[in-house]
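Readers should treat all values here as calculations from the given coordinates under stated rules, not as data from a laboratory. Please read these numbers as outputs of a predicted model, since none were measured by experiment. With ideal geometry, Cβ positions are generated from the backbone for all residues, glycine too; neighbour counts draw on all protein chains shown.
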Amino acid sequence: MVLIVGAMMLNACDSAPGSDELYQEVMKYHDEAMPHMGALYKAVKKTEEKINNLDSLATDDVSKELESQLETFKSARASMQQWMRDFGSTYNKDLPEAEQVKILQDELIKVKEMSKEMMKAVELSKKI
């Protein structure tokens, strides 16, 4: 009985992702979002240009919509930049494996949120 429980515990530990797997997954989300930074930069510039060129007949709704879009683009870009700074200062491959795993599990949650925000902004940018 003890051997069976011990074997089950070893199998459970083996199935948990290690730092290498978690790092790859974190980087997958980063790598999917990062190429869109340029498109969002262009969306910011284009939206700012639209705002600056609004004529006096433009409705408040149009102005508010453009301001909202601009904030979405800027926020997504800032989110990516902040995540990269935080990740660079938090993660260190020289830490013990258990610490790396804990950090990477937390970072995976953060990078997924950042990536989701980026993709939402990218979809919006395609409409302007």
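Extending 7 Å from Cα along the Cβ direction at Gln81 and again at Lys64 yields two label points whose distance is 2.8 nm. Against the longest principal axis of the chain, how steep is helix 60-90, in degrees 0 to 90 to the nearest 10, with axes from Cα atoms? Roughly 30 degrees, rounded to the nearest 10.
Helix 97-125 versus the longest principal axis of the chain: what is the Cα-based angle in degrees, 0 to 90, to the nearest 10? The helix 97-125 is inclined about 20 degrees to the chain.
Rounded to the nearest 20, the size of the Cβ-charge dipole of the stretch 17-125 about its Cα centre is 260 debye, with Lys and Arg at +1 and Asp and Glu at -1.
Considering only Leu54, Leu22, Val122, the residue lying farthest towards the positive end of the dipole of the chain is Leu54, judged by Cα position with unit charges set on Cβ. Partners of Lys28 within straight-line reach, counting lysines whose Cα lies under 27 Å from its Cα and excluding those fewer than 8 residues away in the same chain: Lys42, Lys74, Lys93, Lys102, Lys110, Lys112, Lys116, Lys120, Lys126, Lys127. Just checking the listed ones, Ala39, Ala16, Ala76: in the Gaussian network model of the chain with Cα springs under 10 Å, the one fluctuating most is Ala16. Structural size metrics of the stretch 17-125, computed from C-alpha coordinates, are Rg and Dmax of 17.8, 62 Å.
Backbone amide hydrogens, once placed in the peptide plane, bring Gly18 within less than 5 Å of nothing, excluding anything fewer than 5 places away on its chain. In the chain, the longest principal axis of the Cα atoms and the axis of helix 2-15 are about 30 degrees apart.
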